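Shown next, in structure tokens, is the structure this report addresses.
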Amino acid sequence: MPVKRSNESSEMAKFRREKNRLRMARKRSEETQNQKEVRQQLDRVRTAVRRDQEPEDQRELRQQLDKVRTAARRDQEPQDQRELRQQRDKVRTGIRREQEPENQRELRQQLNRVRTAVRREQEPGDQRELRQQLDRVRTAVRLDQEPEDKKLKRLALINGFS
């Protein structure tokens, strides 16, 4: 939040903020990679602490605002940039999940199942029907594209053969 000191005009406050911004930009441009990583880590910790201390309703409003801002920013990005970001996000997620302990993976999957169940409970009936239709189509497409030997094994399991 911009702070205006009591004895300065709005022009002076604007000038001071701009001067500070430029000073920080120069300082950051001179950082080594290690210093940059440490500063970013420290920034993340400070942000987490600040957010932990904010009231629940304020946190929810901030999260909604963050989602809107992110959606607006992503709507503005060119298609090729969007595809690169999505690929990068998939790689990062894959790496993070490979490194997580097995019990954490199970907890994350459980949490996702609960979230999905809650979200589906809250969706209107017509939306639920459309989603179920879409799920059936996706499943049919996935099964249609699976290799022949896998299809035969699945059918054997369904029919009670092993």
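The values are calculated or read from the model by the stated rules, or taken from the named source; none is laboratory data. Treat the numbers as computed from the prediction; the structure is a model and nothing was measured. FYI the Cβ positions are ideal-geometry reconstructions off the backbone, even for glycines, and counts take in every protein chain you see.
State whether one or more residues within region 3-12 are without any contact (Cβ under 8 Å) to a residue 12 or more places away in the chain, part of a helix (DSSP H, G or I) and β-branched (Val, Ile, Thr).
Looking for residues that are without any contact (Cβ under 8 Å) to a residue 12 or more places away in the chain, part of a helix (DSSP H, G or I) and β-branched (Val, Ile, Thr), one finds none in region 3-12, hence no.
Pairs needed: first member in region 23-40, assigned to a helix (DSSP H, G or I); second member anywhere, surrounded by 10 or more Cβ atoms within 10 Å (Cβ to Cβ); C-beta distance under 6 Å; at least 6 residues apart or different chains.
Nothing qualifies.
Would you confirm, using the coordinates I've provided, whether Gln58 is modelled with pLDDT of 90 or more, over 30 Å from Arg5 (Cα atoms) and polar (S, T, N, Q)?
no
Filter the helices (runs of 4 or more DSSP H) completely within region 78-162 down to those with at least 1 residues that are surrounded by 10 or more Cβ atoms within 10 Å (Cβ to Cβ), at pLDDT below 90 and hydroxyl-bearing (Ser, Thr, Tyr).
Correct list: empty, since no element meets the threshold.
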